[in-house]
Amino acid sequence: MQTTRNGRNSPRQRIRDAMDLKTPDRVPVMCQLSIGHMLLQLDVSPLEFWHDVNVFAEGLIKLREIYGFDGVLVSLHGHDPDWRNNIRSRSVVGGLEEIVWQNGERIRYLSDDLPQPLDQEIRYPVLSEFDQKELPATLAYIPVSQGLRFAIDSLHRFDVFRLIRSSIGGSYSVHGEITSPFDYFLDLFGYQEGLLGLLSEPDKCKGVLARFTALVKRLAVDMCDEGVDAIKVSSPFAGAGFISRDAYSEFVLPYESEVAQAVRAKGVHIYTHTCGAVSDRLELMFDAGVSGIECLDPPPLGDVELKDAKRRTGGRGFIKGNIDSVNTLLYGDAAKILTDARQRLEVGKEGGGFILSTACSVAPRVDRSKLQLLREAVDTWG
């Protein structure tokens, strides 16, 4: 067992114990931060933070230090080291940098949010006319949000993990991130065409999902070989607000299960991140074979109460959550945050298998001092 000099568990071992459903020396704390929040806390160029692997890695390490997290989540990987040479022109508009890339894309880099594609008309293929031979042979991008993709350089897919591990050694838990096959499916066809297609052409949808599953699985297995401690599956569109429980069982569960089994076979933990209401599919999420689940948004953002989730999942896997990132952390005062965190800790730490976290991403405008209260909470009551 890894220990620090004072004999207490190292942060990396602490999270490992929680993921192994053991009771660590204290409850670990580790939150997912929005890109906007990261940028507001760091004195870096939004353009460089998004594209430069060294700036991105250094930023993640600094944020871990600021908040006293027990681990680092690496949400982007595959940075192109030659990215600057791909710029056609650059300008500053309203204090924000705009880049025209060699491929013609024009993107504005915001100081408190994701990059914003400009003049982009997304033309989604029609599912009924789509030829599955057009599906990619490898995963060349991460579908970030609403047409925004992060390109994966095939020769530098995992440079960021090596940089972070060389800096923090084996002291802190390092988590990679992959995207659910269902997200790739929706990114390809668009939300409306994709969701309607589940009803009109389910077999064709399953063929596309199967292809993306094979690609995501290959990426995840290769990521395991980089020494990550866990992999998060980003699956935000699999909650009750988007698809029914039956549709989840048919179009999400089998494909995420295939990825989860491949990762677990490598001896690496894997957990699913699904936003919003998931109470009706809580047990199904563990049927995928994941070792943990993240978010569990409480009311009013979602419909999961932590005590009920702990009871129903019965030690099938670890839980990472479930502080309301909006009503508690963004709008609440220090007293509310500490009270909420203490309640979560008292419920979550019973029997082990719990990591304190915000349910979903920390919003851009959350004050730094508020988020630092979570480390204070685990040190006091965890």
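Odds and ends about this structure:
- Within the listed set Val93, Val228, Val278, the Gaussian network model of the chain (springs between alpha-carbon atoms below 10 Å) gives the highest mean-square fluctuation for Val93.
- Antiparallel bridge percentage (DSSP; both residues within the chain; nearest 5): 40
- Each part reduced to its alpha carbon centroid, the range 63-128 and the range 200-228 end up 24 Å apart.
- Using the Cβ-Cβ distance between Val100 and Leu135 with R0 set to 22 Å, the FRET efficiency works out to roughly 0.15.
- Partners of Lys62 within straight-line reach, counting lysines whose Cα lies under 20 Å from its Cα and excluding those fewer than 8 residues away in the same chain: Lys370.
- Taking the alpha carbon gyration tensor of the range 92-219, multiplying each eigenvalue by 5 and rooting it gives semi-axes of 29, 23, 13 Å, largest first.
- Kirkwood hydrodynamic radius of the range 108-175, Cα pairs, Å: 15.7
- For the range 256-382, taking Cα atoms only, Rg and Dmax work out to 14.6, 44 Å respectively.
- Entries in Lys266/Lys320; Lys310/Lys336; Lys204/Lys320; Lys232/Lys310; Lys22/Lys310; Lys22/Lys320 that, when Cα-Cα distance is taken, lie over 25 Å: Lys204/Lys320
- Each Lys or Arg adds one and each Asp or Glu subtracts one; over the other residues with Cβ under 13 Å from the Cβ of Val326, this totals 0.
- Modelled label positions at Gln261 and Val221, each set 7 Å beyond Cα in the direction of Cβ, lie 1.3 nm from each other.
- With Cα atoms defining each centre, the range 171-187 and the range 302-322 are spaced 21 Å apart in the structure.
- Label-to-label distance, nm, for residues given as Ala214 and Lys62 (7 Å Cα→Cβ offset): 4.3
- The range 240-325 - convex hull of the alpha-carbon atoms, volume per residue in Å³: 82
- Alpha carbon Rg of the range 102-145, scaled by the compact-globule rule 2.2 N^0.38 Å: 1.53
- Taking only Cα atoms of the range 253-300, radius of gyration then Dmax in Å: 11.2, 38
- Given charges at beta-carbon only (K, R positive; D, E negative), |dipole| of the range 246-382 in Debye: 520
- When the Cα atoms of the range 155-226 are aligned to their principal axes, the ranges along those axes come out at 51, 21, 19 Å in descending order.
- 222 nm mean residue ellipticity, helices alone, for the chain (DSSP H n ≥ 4; -39,500 (n - 2.57); rounded to 500): -12000 deg cm²/dmol
- Descending semi-axes in whole angstrom, ellipsoid equivalent of the range 1-137, from the Cα gyration tensor: 37, 23, 13
Any read-out appearing in this document is the output of simple, stated calculations on the displayed coordinates, not a laboratory observation. Since the structure is predicted, the reported quantities are computational estimates derived from the model, not experimental observations. Neighbour counts are summed over all protein chains in view; Cβ atoms, including those assigned to glycine, are modelled from backbone coordinates with ideal geometry.
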